[in-house]
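First comes the structure, then the notes that go with it.
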Amino acid sequence: MTQRTLIIVKPDGMQRHLAGELISRFEKKGFKLAAAKFMQITEQLARKHYHIHEGKPFFEGVVKYISSSPSFVMVWEAEGVIEMSRKMMGATFGYEAQPGTIRGDYSCSRGYNLIHGSDSEQSAEYEIGLYFSPDEIVSYDFADSDWLYGKND
Ligand code: UDP
Ligand code: MG
């Protein structure tokens, strides 16, 4: 079953000129882009996005961070995309993330970690709904989908 996830190049990713590099990792992996929006996330939207962290010591900080400057918000699609993209992002804190992951390669910060990715089907559905209306999500086929997603069974 194909799956969708919300990926955000956060303000530090944009300010550090890394958007193309981060997006190309998902593109080269074979994920399909289904929606994209360049925007400055409002404080109100940031609070909704991170509502599960409300009350935690870093909540106000992460709301301020993600709404501080523009972000690139995307929906990517593939079978198993949520787990794969979380692995590609690496651990939450840049200084703990494995080399080879996005955060491991480009961040050594705690909170400024370049990228957001939904962590479950439930959060993906909620987060995609916060940023996109259904008519902004595009369905199409890749001409080389057999080469990208081929199976031997
Ligand atoms: N964060 C932070 N300090 C913390 C934990 C999280 O600044 O101690 C920020 C960080 O930007 C992180 C976001 O809050 O990406 C959401 O935290 P979560 O635990 O959901 O991490 P993620 O799912 O992004 O890996
Ligand atoms: Mg999270």
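The values are calculated or read from the model by the stated rules, or taken from the named source; none is laboratory data. Just so it is clear, the model here is predicted, and its values are computed rather than measured. All Cβ positions, even for glycine, are placed from backbone atoms using ideal geometry, and neighbour counts span all protein chains on display. The accessibility values were calculated without ligands, DNA or RNA, using every heavy atom of the protein model including side chains. Shrake-Rupley method; radii C 1.70, N 1.55, O 1.52, S 1.80 Å.
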What are the pairs with Cβ atoms under 7 angstrom where one residue, in the stretch 60-71, is assigned to a helix (DSSP H, G or I) and hydroxyl-bearing (Ser, Thr, Tyr) and the other, located anywhere, is open to solvent by 40 Å² or more (accessible area, probe 1.4 Å) and modelled with pLDDT of 95 or more? Sequence gap at least six, or different chains.
Tyr65/Tyr112
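Select from the stretch 77-103 the residues that are farther than 19 Å from Ile66 by Cβ and touching a Phe, Trp or Tyr at 6+ places or on another chain (Cβ under 9 Å) and write down the one among them that is surrounded by the fewest Cβ atoms within 10 Å (Cβ to Cβ).
Step by step, filter the stretch 77-103, then rank; the result is Glu79.
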Among helices (runs of 4 or more DSSP H) lying entirely in the stretch 72-150, which contain 1 or more residues that are modelled with pLDDT of 95 or more and under 28 Å from Pro57 (Cβ atoms)?
81-89, 102-106, 121-131
Out of the residues in the stretch 52-67 that are within 17 Å of the chain's Cα centre (by Cα) and more than 8 Å from ligand 1 (Cβ to nearest atom), state the one that is surrounded by the fewest Cβ atoms within 10 Å (Cβ to Cβ).
Ser67
